[in-house]
Structure formats: structure tokens, C-alpha cells
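Engineer: The structure is given below, and queries will be raised subsequently.
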Amino acid sequence: MTYAIIGFGAVGQALAAAFARKSIDVVVAGRRPPEALAQQAAAIGPRVTPKPLAEALAADTVILAVPFSQHGEVAKAAASWGGKLVIDATNAYGTPLEDFDGLTSSAVVAKAFAGARFVKGFNHLPAAKLAADPRVGGGRRVIFIAGDDEAALLQAKTLMERLGYAPVSLGSLAEGAVLTQARGNGWSPLNFQDLVKIDKL
């Protein structure tokens with residue numbers, strides 16, 4: 001299984017740190033060329049490798065950590081998304097709700113990645129929390145996820161658990177993603193809720 005993080009801003013670097021912490025190889029890419037990301041990647045760890053976008057999109061699992069406005073550009077950069085797991089960590093803060101034609105922002109992104117096995121996740125916590133060790137006070141930091149594909153949800157949960165998090169499914173995109181994504185110039189009830197699941201009581 002190969003992994004890529006698309007977007008190397010604060011959230012992308014935080015997620016790269018999570019992979020590095022567990023010594024899991026991950027490719028990173030962004031709008032800047034790989035050499036422009038090299039210093040930041042090296043500071044995170046030797047398992048974090050910058051690549052051109054086209055090469056990064058060859059990964060089996062792609063985590064989308066770009067600004068919401070750039071998701072379409074990333075979607076068009078791959079010849080096919082068929083069979084790939086896409087974990088959408090974007091937030092559409094500042095985008096008017098009427099731009100979504102009655103859909104959630106997650107559903108809008110999912111439509112752009114036609115053929116992908118799509119899950120919403122890693123988007124409700126600020127970058128500093130994502131970058132921190134998820135082991136907290138005898139438990140693990142919760143990551144909310146949502147999706148319409150049970151197999152994709154299971155695969156995403158397995159990755160999140162491997163990274164040290166406690167994934168909690170909120171159900172389908174329509175039911176769950178709406179609880180963790182930006183709404184125009186506001187936020188949903190579970191955004192920024194830093195919760196810890198205690199492993200053993």
C-alpha cells in the first residue's frame with residue numbers, strides 16, 4: 001500500500017509528521033516543485049518524500065490537504081481515480097453554501113473524484129493538533145470520518161489506527177460529513193472538538 005499527501009501547507013505537513021512518527025513512507029506534493037518542498041520534508045523525517053504531482057497521484061491512498069478551491073485542479077491531474085482511496089481533509093470555509101447546489105462540500109469534492117473510493121476525514125482538527133502525538137492521557141485522539149463506501153471507511157480506519165488515532169465513523173457523507181465541515185463563514189458542531197477515546201476504562 002502506498003500513500004500520498006497532496007498539499008504541503010500546515011495540514012499537509014501535520015499529516016506527514018503523523019506518518020513519519022510511525023515510520024510509514026509517504027509521498028508529498030503540492031503546487032510548488034518537489035525541490036521547493038525538500039527542506040520542509042527533510043525536517044519532518046526521511047520517510048517523507050516530495051514528488052511531482054503526477055507521480056504522487058499514482059499512490060493507492062491519496063489524502064487531499066489542499067485548499068477547497070484547488071480540489072478540482074487535483075482531480076483533473078490524474079488520468080483515472082478508479083479504485084483509489086481518497087481521504088478528503090479539505091474545508092470550504094468562506095465558500096457560500098448556495099455554490100453547492102444543495103450538496104455538502106464533501107459531496108461536491110466526491111463528484112470531482114469520480115471513481116474514487118471516497119472518505120471524509122482529518123478535517124475537523126487544527127494542524128497543530130494533527131501534528132501532535134495522538135496518544136493523550138491514556139487514550140488516542142479522535143478523528144471523525146464519514147463516507148458512503150463501507151470498504152473504503154474500513155480501509156481509512158485501518159490507516160488512522162496505524163497512525164495512532166481513534167477513528168469514529170459518523171455515517172454517510174450526507175449524515176456525517178455535514179457535522180465536521182465548514183458552512184459558509186461558520187463551522188459545524190464537531191469542528192475543532194479535540195476528543196480523546198480512552199483505550200481501557
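Engineer: Could you list all residues from the stretch 129-175 that are over 30 Å from residue 101 (Cα atoms), part of a strand (DSSP E or B) and of a type in the set (Val, Ile, Thr)?
Structural biologist: 136, 142
Engineer: Still on this structure: Exactly one condition in (1) over 16 Å from the mean Cα position of the chain (by Cα); (2) among the acidic types (Asp, Glu); (3) modelled with pLDDT of 95 or more is false for residue 99; which is it?
Structural biologist: Residue 99 satisfies every listed condition except (3).
Engineer: On to the next question. Residues in the stretch 141-158: is at least one out of contact with any Leu (no Cβ under 8 Å at 6 or more places or on another chain) and on the phi > 0 side of the Ramachandran plot?
Structural biologist: No, there is no match, as no residue in the stretch 141-158 is out of contact with any Leu (no Cβ under 8 Å at 6 or more places or on another chain) and on the phi > 0 side of the Ramachandran plot.
The rows are residues; the columns are (1) small (Gly, Ala, Ser); (2) surrounded by fewer than 21 Cβ atoms within 10 Å (Cβ to Cβ); (3) closer than 24 Å to residue 126 by Cα; (4) in contact with a Leu (Cβ under 6 Å, 6 or more places away or on another chain).
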{"residue": "53", "(1), (2), (3), (4)": "no, yes, no, no"}
{"residue": "57", "(1), (2), (3), (4)": "no, no, no, no"}
{"residue": "67", "(1), (2), (3), (4)": "no, yes, yes, no"}
{"residue": "77", "(1), (2), (3), (4)": "yes, yes, no, yes"}
{"residue": "82", "(1), (2), (3), (4)": "yes, yes, no, no"}
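Engineer: Does residue 87 count as under 12 Å from the mean Cα position of the chain (by Cα) and either assigned to a helix (DSSP H, G or I) or over 21 Å from residue 174 (Cα atoms) (or both)?
Structural biologist: Answer is no for this residue.
Engineer: Could you tell me how many of the residues in the stretch 170-201 are touching a helix residue (DSSP H, G or I) at 6+ places or on another chain (Cβ under 6 Å) and of a type in the set (Gly, Ala, Ser)?
Structural biologist: 3
Engineer: Same structure again: Scan 58, 79, 4, 14 and give me the residue that is among the small types (Gly, Ala, Ser), touching a residue at least 40 places away in the same chain (Cβ under 8 Å) and in a loop (DSSP other than H, G, I, E, B).
Structural biologist: 58
Engineer: Taking the stretch 148-184 as the region of interest, how many residues are at pLDDT below 95, within 23 Å of residue 14 (Cα to Cα) and either touching a Cys at 6+ places or on another chain (Cβ under 7 Å) or of a type in the set (Gly, Ala, Ser) (or both)?
Structural biologist: Matching residues across the stretch 148-184 total 2.
Engineer: Let me ask something else about it. For residues in the stretch 173-199 being free of Cβ contacts under 8 Å to residues at least 40 places away in the same chain and surrounded by fewer than 16 Cβ atoms within 10 Å (Cβ to Cβ), which is nearest to residue 133 (Cα to Cα)?
Structural biologist: 189
The values are calculated or read from the model by the stated rules, or taken from the named source; none is laboratory data. Everything numeric in this text was worked out from a predicted model, so none of it was measured. Glycine gets a Cβ as well: all are built from the backbone with ideal geometry, and neighbour counts include every protein chain shown.
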